[in-house]
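J.: Could you have a look at this structure, given as C-alpha cells, before my questions?
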Amino acid sequence: MSDISHYSASRSAVRSANDLEAERNLGSALLRGLACKCPNCGEGKLFKGFVKSVDACEACGQEIHHHRADDLPPYITIFIVGHIVVALFMGAEAAVELSLWAHLAIWVPVTILLSLVLMQPFKGATIGLQWALRMGGFGGASEDPV
C-alpha cells in the first residue's frame, strides 16, 4: 500500500470515527469500554494512565478527550464492591468464627483490590455509554453553559 493511499485511508477512518450521524451500538460500546478499548472500533487503548483517558483513539481517531465520566465510575465501584464484600463478610461470619483482626486482615485488602480492579473497566464502560448515547461531547453540541 502506498503512503498516499494509506494516508487517505487513515483520514477517512478519522472522519467516520467522529461522524455524528453514524449508527452507534450501545451493547458493543459498553463491552468495548469494559475491555478498556475504544468504543468506536474496539482496537485502540482507552487509557494512557490508570484512569486518565487518551485524547483520541490511536487506531480509528475517535476523539475521547471531551468525555464527562466524572463521578459515575466511583459510585458504581462503591456500589458493586460494597455488595460483594458485605455478602462475603456475612457469609464468612455465619460459617466460621473469626476475630476482628482476622476480618480486618481479610476484608480491607479484598475491598481495596476489588476497587482497583473494577475502577478502570467501569470508567471505560461509562465512556462507552456516553459515546453510544452521544453524551458528554460525543454528540457534537457543546455542553458548556453560555
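Taken together, the values in this text are just the output of simple stated rules run on the coordinates, not laboratory data. Here the structure is a predicted model, which is why all the values come from computation and not from measurement. When we count neighbours, we look across all protein chains shown, and the Cβ atoms used for this are built from the backbone with ideal geometry, even at glycine.
J.: Say a paramagnetic label sat at a point 7 Å from the Cα of ASP19, along Cα to Cβ; which residues of segment 41-56 have their backbone N under 15 Å from it?
T.: 41
J.: Near ALA59, within a Cβ-to-Cβ distance under 12 Å, what is the net charge of the other residues, with Lys and Arg +1 and Asp and Glu -1?
T.: Overall, the nearby charge balance is +1.
J.: Which value in nm describes the separation of the simple spin-label points at GLU97 and PHE79, placed 7 Å from the Cα toward the beta carbon?
T.: In this crude label model, GLU97 to PHE79 measures out at 3.9 nm.
J.: At R0 = 25 Å, how high is the FRET efficiency between ILE112 and ASP55 if r is their beta carbon distance? Nearest 0.05 is fine.
T.: 0.25
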